[in-house]
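Here's the structure, in structure tokens; my notes come after.
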Amino acid sequence: MRGLWKVLDDVALRHVTGRAWTTPDGTRTRVLLLKFSSVAHADHLDSALTGDADEALPQGVDGAEILDRVAGDVRVPDATAYAYEEKAPYGPEETLWAHIGAGDTLAVVTQTREGGAPTVPFRQTLVLQAQLLG
């Protein structure tokens, strides 16, 4: 994410942890949890990611569209999620990503898969992560 490093210079990031896995169909999922010293710092980064989508694009992604109805009918109190998908035409793999804010923590979730990333497993991952944070 191109502009992420610039924004991270301005916020008090306390802890970072991450997990990644690949499913048998080749879908690669990455979850990063960023914990800040205050809700205000987390909100600042969250606003930066939603305010200028071009600055928040993952490396290799030239354009994005917002995914509607990220969580479907599921409502998670105290958590907000914004999800994006790479615009077609994309290269050999498609990238889906989201950021979920909950208090002083921001989760960044990405999924990539050769030939196209399915949105249903991505949405399920987002809902589960939001429920864990909310």
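Each value in this text was obtained by applying a stated rule to the coordinates, not by laboratory testing. If you're wondering where the values come from, they're calculated on a predicted model, not measured in any experiment. FYI the Cβ positions are ideal-geometry reconstructions off the backbone, even for glycines, and counts take in every protein chain you see.
Is segment 72-134 rounded, prolate or oblate when judged by the Cα gyration tensor, a ≥ b ≥ c being the square roots of its eigenvalues, rounded requiring a/c under 1.5 and prolate requiring a/b larger than b/c?
Cα axes put segment 72-134 in the prolate bin.
Evaluate the distance, in nm, between pseudo-label points positioned 7 Å from the Cα of Ala12 and of Gln124 along their respective Cα→Cβ axes.
4.0
Report the calculated FRET efficiency for Lys87 and Ala40 (r = Cβ-Cβ distance, R0 = 35 Å), to the nearest 0.05.
With R0 = 35 Å, the Cβ-Cβ based efficiency is 0.60.
May I ask you to evaluate 6.51 cos²θ - 1.76 cosθ + 1.60, the Karplus curve with θ = phi - 60°, for each residue of segment 106-112 and list the ³J(HN,Hα) values in order in whole Hz, giving x for glycine and proline?
In residue order, the calculated couplings are 10, 9, 10, 10, 10, 9, 10 Hz.
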